[in-house]
Amino acid sequence: MKPRLLLAMTLISLATGCASTGINTVIAPPAVEAEHNHSHAISSAVEPKRYNETLNPHQTEHPNVMGFNDLHIQAIRHLKPDVFSADDPKLHAIVHHHCKAYDDGTLVCLMFSNGMKDQDKPMGFEYIITTAQYNTLPAKEKHYWHYHKTEVGRACATFPDLSKAEAEKILPAIHETYGKVVYFQKPEDKFPLGEPYVMIVQDMPDVKEAK
């Protein structure tokens, strides 16, 4: 029993010593603490709360755009038409692609009908891979992907956030990629209804450039 008693007393002594040390090092002079609190209050008053603190607790690590502004592409012929006709308004509607580029050469583009303002919600996404990655896909899968060297022109795609020189520089790289478009919501619906679907972009009829 004596060894256990001695060990218990030693642990209590060490714990007391750590607590004392922590108190001595943490407590600051009242004037310094008051000054810190005053500065913090001013900072809180000046900086508006841009995020929902309940639903986005990691707002510092994950800003609202989450990197999906690396590249902004506007394209037509990216909405499923109600009538399979070049005159269907949905084929002429611009779909905003807000894309995040990844280190493996892929991109994921959130798709919006009106852009990516604060309250805009995505209705689908386009997953983009390189030609080399496309060539590794099973034959049955390849039908779901469209070749951008062909489809960029058919979609009248533009890069609104880039200068003409910047767009011309990036276009060759975009041409050698393939995209797969997946929708989980129609633009006219308030909520996602029914099953998600893959849109076969290359099967859409050709249309004239949107005005």
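Derivation of every value follows stated rules applied to the coordinates shown; laboratory data play no part. It should be emphasised that the depicted structure is a prediction, and the values quoted were computed from it without experimental measurement. Glycine also receives a Cβ, built like all others from the backbone with ideal geometry; neighbour counts cover every protein chain displayed.
Principal axis analysis of the Cα atoms in the range 120-175 yields extents of 38, 30, 18 Å, listed in decreasing size. Checking the Cα-Cα distances for Lys121/Lys190; Lys117/Lys190; Lys117/Lys180; Lys90/Lys121 against a 22 Å cut-off, the pairs over it are Lys117/Lys180.
Taking trypsin sites (Lys or Arg not before Pro) across the range 132-203, the ones in a DSSP loop with at most 10 further Cβ atoms lying within 10 angstrom of their Cβ are Lys140, Lys190. Listed from fewest to most Cβ neighbours within 10 Å, the set Cys99, Cys156, Cys109 follows the order Cys156, Cys99, Cys109.
Expressed as a fraction of 2.2 N^0.38 Å, the C-alpha radius of gyration for the range 71-203 is 1.03.
Over all other residues within a Cβ to Cβ distance under 13 Å of Ala132, the charged ones net out to -2, with Lys and Arg as +1 and Asp and Glu as -1.
Qualifying trypsin sites (Lys or Arg not before Pro) in the range 80-126, where qualification requires a DSSP coil assignment and no more than 15 other C-beta atoms within 10 Å, comprise Lys117.
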